[in-house]
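The values are calculated or read from the model by the stated rules, or taken from the named source; none is laboratory data. If you're wondering where the values come from, they're calculated on a predicted model, not measured in any experiment. Using ideal geometry, Cβ is built from the backbone for each residue, glycine included, and neighbour counts are taken over all protein chains shown.
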Amino acid sequence: MKRLIGLTGGIATGKSTVAKYLAEIYNLPILDADIYAREAVNQGSLILTQIAERYGSEILLPNDNLDREKLGEIIFKNKLERQWLESKIHPYVRERFNQEIQKSPQETLVLVIPLLFEAKITNLVTEIWVVSCSESQQLQRLINRNKLTPEQAQARISSQMPLTEKIALADVVLDNSQTLEVLLQQVDQVIDKKAPAPSARYATG
């Protein structure tokens with residue numbers, strides 16, 4: 001049976017950092033829900049057509065691609081609209097995960113799924129890792145990373161299941177409230193207790 005690690009957490013808590021480390025140091029394949037979600041709304045896709053029908057052609061850029069910023073403003077302010085969009089995208093994402101899991105010869109795969117709990121797809125994975133940090137750190141990291149106002153950042157955080165609830169449902173909790181080295185040491189401890197700890201050379205190299 002494959003080991004399928006569901007890597008999740010709150011927005012801007014450090015999931016990408018952990019995934020990059022697992023890929024580079026442990027050579028694990030990374031399957032990313034965000035990539036599949038972007039695929040779902042590619043130019044000419046059925047889901048993009050449905051989005052344009054719902055919100056009008058102004059939701060599209062001049063090149064007919066999705067205006068993600070404009071869509072974000074709609075769905076992070078309106079829970080019902082967010083739920084409508086997710087009802088279109090989540091089944092597509094689940095199917096793409098299933099395809100890639102079936103195709104991969106690897107015994108261990110990392111599935112990066114920010115909305116693992118919200119999308120109710122925990123049955124895709126065999127274990128759940130939650131990357132966490134404090135609420136204030138999460139807010140500041142999101143503001144800095146996405147160049148958002150505090151209000152915009154808080155709306156994105158509030159649209160997700162509270163981090164405390166995710167932690168309670170996790171098999172592994174990775175605390176990203178300290179240094180990068182401390183975070184990566186935790187990954188070393190849980191990925192394979194027999195493996196040497198390469199986090200120090202990764203952090204400095």
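What is the one condition in (1) touching a helix residue (DSSP H, G or I) at 6+ places or on another chain (Cβ under 8 Å); (2) surrounded by 13 or more Cβ atoms within 10 Å (Cβ to Cβ) that residue 77 does not satisfy? It is condition (2) that residue 77 fails.
Residue-level analysis places residue 17 outside the set of residues that are in contact with a Cys (Cβ under 6 Å, 6 or more places away or on another chain) and closer than 20 Å to residue 132 by Cα.
Evaluate segment 68-77: report whether one residue or more is in a helix (DSSP H, G or I), over 21 Å from residue 146 (Cα atoms) and not assigned by TED's automatic domain parsing to the domain that holds residue 164. Scanning segment 68-77, I find no residue that is in a helix (DSSP H, G or I), over 21 Å from residue 146 (Cα atoms) and not assigned by TED's automatic domain parsing to the domain that holds residue 164, so the answer is no.
Looking at (1) farther than 23 Å from residue 78 by Cβ; (2) touching a Cys at 6+ places or on another chain (Cβ under 9 Å); (3) surrounded by 17 or more Cβ atoms within 10 Å (Cβ to Cβ), which is the one condition that is false for residue 124? Here residue 124 clears every test but (2).
Would it be correct to say that residue 157 is touching a residue at least 24 places away in the same chain (Cβ under 8 Å), over 17 Å from residue 33 (Cα atoms), of a type in the set (Val, Ile, Thr) and in contact with a helix residue (DSSP H, G or I) (Cβ under 9 Å, 6 or more places away or on another chain)? Criteria met by residue 157. None of 149, 164, 126, 179 is without any contact (Cβ under 8 Å) to a residue 40 or more places away in the chain, closer than 18 Å to residue 19 by Cα and in the same structural domain as residue 19 (by TED's automatic domain parsing) except 179. Per the conditions (1) in a helix (DSSP H, G or I); (2) within 25 Å of residue 186 (Cβ to Cβ); (3) touching a Ser or Thr at 6+ places or on another chain (Cβ under 7 Å), the sole criterion not satisfied by residue 139 is (3). Hey, does segment 51-63 have a residue that's of a type outside the set (Val, Ile, Thr), under 24 Å from residue 22 (Cα atoms) and assigned to a loop (DSSP other than H, G, I, E, B)? Scanning segment 51-63 turns up no residue that is of a type outside the set (Val, Ile, Thr), under 24 Å from residue 22 (Cα atoms) and assigned to a loop (DSSP other than H, G, I, E, B). Scanning segment 79-99 for any residue that is of a type outside the set (A, V, I, L, M), assigned to a loop (DSSP other than H, G, I, E, B) and at pLDDT 95 or above turns up nothing.
Tell me yes or no: at least one residue of segment 170-187 is at pLDDT 95 or above, closer than 19 Å to residue 3 by Cβ, part of a helix (DSSP H, G or I) and in contact with a helix residue (DSSP H, G or I) (Cβ under 8 Å, 6 or more places away or on another chain). Within segment 170-187, one or more residues are at pLDDT 95 or above, closer than 19 Å to residue 3 by Cβ, part of a helix (DSSP H, G or I) and in contact with a helix residue (DSSP H, G or I) (Cβ under 8 Å, 6 or more places away or on another chain).
Per-residue answers, yes or no, for (1) crowded, with 17+ Cβ neighbours inside 10 Å; (2) in contact (Cβ under 8 Å) with a residue 24 or more places away in the chain; (3) assigned by TED's automatic domain parsing to the domain that holds residue 146; (4) among the hydroxyl-bearing types (Ser, Thr, Tyr):
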position: 81; (1), (2), (3), (4): no, no, no, no
position: 85; (1), (2), (3), (4): yes, yes, no, no
position: 93; (1), (2), (3), (4): yes, yes, no, no
position: 113; (1), (2), (3), (4): yes, yes, yes, no
